[in-house]
Amino acid sequence: MRHAIGFLLVLAIGVASAARQPEPDKEKTPDYYPLKPGTKWIYQFEENGKKVEITSQVAKLETIEGKSLALIERLVGGDVKETEHLTATDKGIFLNRRNGVEHSPPVCLLQYPVKKGDAWESETTLGNQQMKVKSKSVDFEEVTVPAGKYKAVRVDVEIAVGGINANLTYWFAPDVGIVKQTNNGTKVSFELEKYEAAK
C-alpha cells in the first residue's frame with residue numbers, strides 16, 4: 001500500500017503574495033490547499049477493494065536551507081507513514097522534499113494562477129532517481145465525495161520515474177484542498193471524508 005500511496009502526489013496552491021495588498025473590488029484568491037499548521041484532511045483510501053482511513057495534516061512550518069517549508073504528515077492508524085515538504089509562491093505550489101529526501105529542483109505541483117487548459121512540466125532528481133512530471137489543469141468539475149459536493153479543478157498528471165510510468169488525476173476545491181485522487185490504470189483512489197481547518 002505504501003508503494004501505491006507514494007505515487008499519489010499531494011497537491012497544493014498558495015495564496016497571493018503577502019506583500020501585495022488586495023484591491024477592494026477584487027475577490028480573494030482561492031487557497032486550493034491550505035498550508036497553515038493544524039490543517040487536517042481525513043481520506044478514505046481504497047486499493048483493490050480494500051479501504052483504510054488516511055489522515056494528512058500540516059504538522060508545522062520548518063526552515064530548511066533558508067526556506068520556510070510546510071511539513072505534511074500522512075498517517076495510518078496514528079503512525080506517520082510518509083512526509084512531504086511544500087512551499088507556496090506566486091508561481092504555484094512546489095514539492096521540495098519527500099520523506100526527508102530533497103527534490104532538486106523542486107517539482108511544480110500546480111501552476112499559479114489556476115487556468116483551464118494550462119500545462120506545465122517538471123524535471124527533477126529525487127535521491128539518485130530522475131523524475132519527469134507533466135501536468136495539465138483540464139477543467140473545473142463538480143465532484144461528490146463522502147465529505148460533500150465541491151466545484152473542483154481537475155488536474156491530469158503523467159509521471160515517469162525509474163522506468164515506471166503512472167497517470168494520475170486529482171481534484172482540489174477552493175479553501176479545502178484535495179477532495180479526490182485516482183491512480184489511473186490501477187484500482188487506487190483517495191476520497192475526502194472530513195476537512196478540518198486550522199484554528
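Considering the range 61-86 alone, what residues qualify as being closer than 19 Å to Thr124 by Cα and open to solvent by 20 Å² or more (accessible area, probe 1.4 Å)? Quick ask: steps written out before the conclusion?
So in the range 61-86, the residues closer than 19 Å to Thr124 by Cα come out as 64-65, 67, 69, 83-86.
Once the filter is applied, which keeps residues that are closer than 19 Å to Thr124 by Cα and open to solvent by 20 Å² or more (accessible area, probe 1.4 Å), the range 61-86 yields Ile64, Glu65, Lys67, Thr83.
Say we look at the range 43-60 and pick out the residues that are open to solvent by 70 Å² or more (accessible area, probe 1.4 Å) and either at pLDDT below 95 or more than 18 Å from the chain's Cα centre (by Cα) (or both); which of these is nearest to Lys180 (Cα to Cα)?
For the range 43-60, the residue satisfying everything is Lys51.
Within the range 31-55, count every residue that is part of a strand (DSSP E or B) and free of Cβ contacts under 8 Å to residues at least 60 places away in the same chain.
Selection size over the range 31-55: 4.
The values are calculated or read from the model by the stated rules, or taken from the named source; none is laboratory data. Small disclaimer: the values here were computed from a predicted structure and weren't measured. Note that each Cβ is placed from the backbone with ideal geometry, even for glycine, and that neighbours are counted across all protein chains shown. Remember, those area values only see protein heavy atoms, side chains included, never the ligands or the DNA or RNA. Shrake-Rupley method; radii C 1.70, N 1.55, O 1.52, S 1.80 Å.
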